[in-house]
């Protein structure tokens, strides 16, 4: 029984460590009238990062799971919307929730951080979001691979 549980845990960790396999970021998309263009991305911080892949929800609908070293983008209609980042329940990570105001034609760039820190025998899981200026976002997005959305129509 113990071996079965350990095997199952190993499979979950290996699957959670998967990385995006889409095209590498090379240029920003154009914004659209009546929509805001949002880029979401996640770095790869090695063993100091969760092996689990967090999900991005927009207005309660799952949009995408953002793997390590990946990005995605979506056109969101102008208005007030809710963003949520949900980690796998087994990961121990807190969820992040935020209300955003989307303006027509704007571009916004949000990075998701999910570091793990160890102090003695204590593991601390945190979840954070950081918004970037466009010039800094282009640098941060370089080398990241596109993660195709799972529910909404892909903007590509």
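The values are calculated or read from the model by the stated rules, or taken from the named source; none is laboratory data. Remember, it's a predicted structure, so these values are computed and weren't measured experimentally. Cβ placement follows ideal geometry from the backbone for every residue including glycine, while neighbour counts extend to all protein chains displayed.
Residues being modelled with pLDDT under 85 and either closer than 17 Å to residue 39 by Cβ or part of a strand (DSSP E or B) (or both): count how many of those fall in segment 86-105.
The total comes to 2.
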- Of (1) closer than 19 Å to residue 148 by Cβ; (2) at pLDDT below 65, residue 14 fails just (1)
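The rows are residues; the columns are (1) touching a strand residue (DSSP E or B) at 6+ places or on another chain (Cβ under 7 Å); (2) part of a helix (DSSP H, G or I); (3) under 16 Å from residue 143 (Cβ atoms); (4) modelled with pLDDT of 85 or more.
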residue	(1), (2), (3), (4)
22	yes, no, yes, no
26	no, no, yes, no
29	yes, no, no, yes
33	no, no, no, yes
52	no, no, no, no
56	yes, no, no, yes
63	yes, no, no, yes
- Are any residues in segment 35-50 modelled with pLDDT under 90 and surrounded by 15 or more Cβ atoms within 10 Å (Cβ to Cβ), and if so, which ones? 42, 43, 49, 50
- Message: Going through 152, 113, 109 one at a time, which residue ends up being farther than 17 Å from residue 87 by Cβ and modelled with pLDDT under 90?
- Response: 152
- Query: In segment 106-141, what residues are assigned to a loop (DSSP other than H, G, I, E, B) and either touching a strand residue (DSSP E or B) at 6+ places or on another chain (Cβ under 9 Å) or surrounded by 17 or more Cβ atoms within 10 Å (Cβ to Cβ) (or both)?
  - Reply: 106, 114, 126, 127, 133
